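This report refers to the structure that appears directly beneath it.
All of the numbers you see were taken from the coordinates with simple rules; none came from a lab. In this text the structure is predicted, and so the values were computed from the model without any measurement. Here the Cβ positions follow ideal geometry from the backbone for every residue, glycine too, while neighbour counts run over all protein chains shown.
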Amino acid sequence: VEMVEGPLLILAGPGSGKTRVIAHRVAHLVSACGVHSRRIVAVTFTNKAAREMKERLDRLMGPQARELTMGTFHAFCASILRREGQHIGLDRAFVIYDQEDQTQALKEAMEGAEIDPKRFSPRAMLSAISSAKSQLIGEEAYAANRSGPLEQVIHRAYRAYQEVLRRNNAVDFDDLLLKTYVLFRDNAPVLSRYQSRYLHLLVDEFQDTNVA
């Protein structure tokens, strides 16, 4: 809790108090170190874990907790894209597709790309696209060094799927992370603004992170 300078990684088993440490560390930063709440971001993966963290911090900090940036990775990235999406050609009023929406969009994409869903499972195609996005591989970059017949089909499906999303001003959950990465990678002034604002980034459930 009191180690506040530089990076820190906590490794411990389930139920041993990692989330509790994060909550108390945030409170310590504000109360003992004079860090303003709005300069701290705390993220995790599931809505359940985010609620637990928020409840703990509300109890510890009271009204000061309201100015913290806190929630899931996906919610955090969505909020950034709502504000900054125009820098990468994304309308701020984008909709977020759930699993059912994604499946329907992919079926439409496969039909347009003349990919037979009986030969190539839409679920398997979606899984491959999701895996690529989690490795920060966009639709065009996917073709590089992927010349096998199946990978060529996946690339066609990926490209057509992204076109359906763009047409509907939509993103999927993987896009929230990938597009935020692209935003920061390609827009130094935007990146600098967020680097200047957030002095402390705390990640709960770190074992669930992927490349993105």
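Counting other Cβ atoms within 10 Å of each Cβ, which trypsin sites (Lys or Arg not before Pro) in segment 1-32 have at most 16 and sit in a DSSP loop? Display every interim value, and only then the final one.
Values: sites: Lys18, Arg20, Arg25; in loops: none.
Those that pass, being in a loop and sparsely packed, number zero.
Distance in nm between label sites at Ser147 and Ala93, each 7 Å beyond Cα in the beta-carbon direction?
A separation of 4.6 nm, rounded to one decimal place.
With unit charges on the beta carbon (Lys/Arg positive, Asp/Glu negative), name the residue among Ala128, Ile115, Asn168 whose Cα is farthest towards the positive pole of the charge dipole of segment 108-212.
The one lying farthest along the dipole's positive direction is Asn168.
Calculate how steeply helix 122-134 sits against the longest principal axis of the alpha-carbon atoms of the chain, using the helix alpha-carbon long axis, and give the answer as 0 to 90 degrees to the nearest 10.
50 degrees
Taking a point 7 angstrom from the Cα of Gln86 along the C-beta vector, which residues in segment 173-212 have backbone N less than 15 Å away?
Backbone N within reach: 190.
Compare the Cα positions of Thr180, Val43, Phe94 along the charge dipole of the chain (+1 at Cβ of Lys, Arg; -1 at Cβ of Asp, Glu; about the Cα centre) and return the one farthest towards the positive end.
Of the candidates, Val43 comes out farthest on the positive side.
Using a Förster radius of 30 Å, what is the FRET efficiency between Asn168 and Lys48 based on their Cβ-Cβ separation? Nearest 0.05, please.
Numbers: r = 29 Å, r/R0 = 0.98.
Result of the calculation: an efficiency of 0.55.
What distance in nm lies between label points placed 7 Å from Cα along the C-beta direction at Glu5 and His28?
So the two model labels end up 1.5 nm from each other.
Any idea what the dipole of segment 26-141 comes to, in debye rounded to 20, about its Cα centre with Lys/Arg Cβ at +1 and Asp/Glu Cβ at -1?
Numbers: 16 positive and 15 negative charges, 143 e Å.
Dipole of segment 26-141, to the nearest 20 debye: 680 debye.
With a cap of 10 neighbouring Cβ atoms within 10 Å, and only residues DSSP puts in a loop, list the trypsin sites (Lys or Arg not before Pro) found in segment 111-162. It would help to have the intermediate numbers written out before the result.
Working: sites: Lys118, Arg119, Arg123, Lys133, Arg146, Arg156, Arg159; in loops: Lys118, Arg119, Arg146.
Answer in residue order: Lys118, Arg119.
Applying 1/(1 + (r/R0)^6) with R0 = 25 Å to the Cβ-Cβ distance of Ala12 and Val211, what FRET efficiency is obtained, to the nearest 0.05? Present the calculation step by step, with values, prior to reporting the outcome.
Values: r = 24 Å, r/R0 = 0.95.
Computed FRET efficiency for Ala12 and Val211 comes out at 0.55.
Could you give the spread of the C-alpha atoms of segment 45-157 along their three principal axes, from largest to smallest, in whole angstroms?
Here the spans come out as 57, 30, 26 Å, largest first.
Given +1 on the Cβ of Lys and Arg, -1 on the Cβ of Asp and Glu, and no further charges, what dipole in debye does the chain carry about its Cα centre, rounded to the nearest 20? Can you show the working numbers first?
Details: 28 positive and 26 negative charges, 114 e Å.
That gives the chain a dipole magnitude of about 540 debye.
Output needed for segment 96-212: three equivalent-ellipsoid semi-axes, defined as square roots of 5 times the C-alpha gyration tensor eigenvalues, in descending order, whole Å. Each step should come with its number before you reach the end.
Working: eigenvalues 173, 43, 41 Å².
Each semi-axis is the square root of five times an eigenvalue, giving 29, 15, 14 Å.
Given (1) -0.74, -1.05, -1.19; (2) -0.63, -1.08, -1.24; (3) -0.80, -1.06, -1.24, which label gives log10 I(q)/I(0) by the Debye sum over Cα atoms at q = 0.11, 0.16, 0.18 Å⁻¹ as computed from the coordinates?
From the options (1) -0.74, -1.05, -1.19; (2) -0.63, -1.08, -1.24; (3) -0.80, -1.06, -1.24, the structure gives (2).
Using a cut-off of 30 Å between alpha-carbon atoms, which lysines can reach Lys107, once sequence neighbours fewer than 8 places away in the same chain are excluded?
Cross-link targets: Lys118, Lys133, Lys179.
Quick one: which residues, 5 or more positions from Gly138 or on another chain, have an amide H under 5 Å from its amide H? H modelled 1.01 Å from N in the peptide plane, none for Pro or chain starts.
Under 5 Å from the amide H of Gly138 lies no amide H from a residue far enough along the sequence or on another chain.
May I ask for the longest run of the chain untouched by GluC sites (Glu not before Pro) that are loop-located per DSSP and have at most 13 neighbouring C-beta atoms (other than their own) within 10 Å?
Numbers: sites that count: Glu2, Glu5, Glu114, Glu140.
Free of exposed loop sites, the longest segment is 6-113.
Quick one: angle between helix 73-84 and the longest Cα principal axis of the chain, in degrees between 0 and 90, rounded to 10, please.
80 degrees
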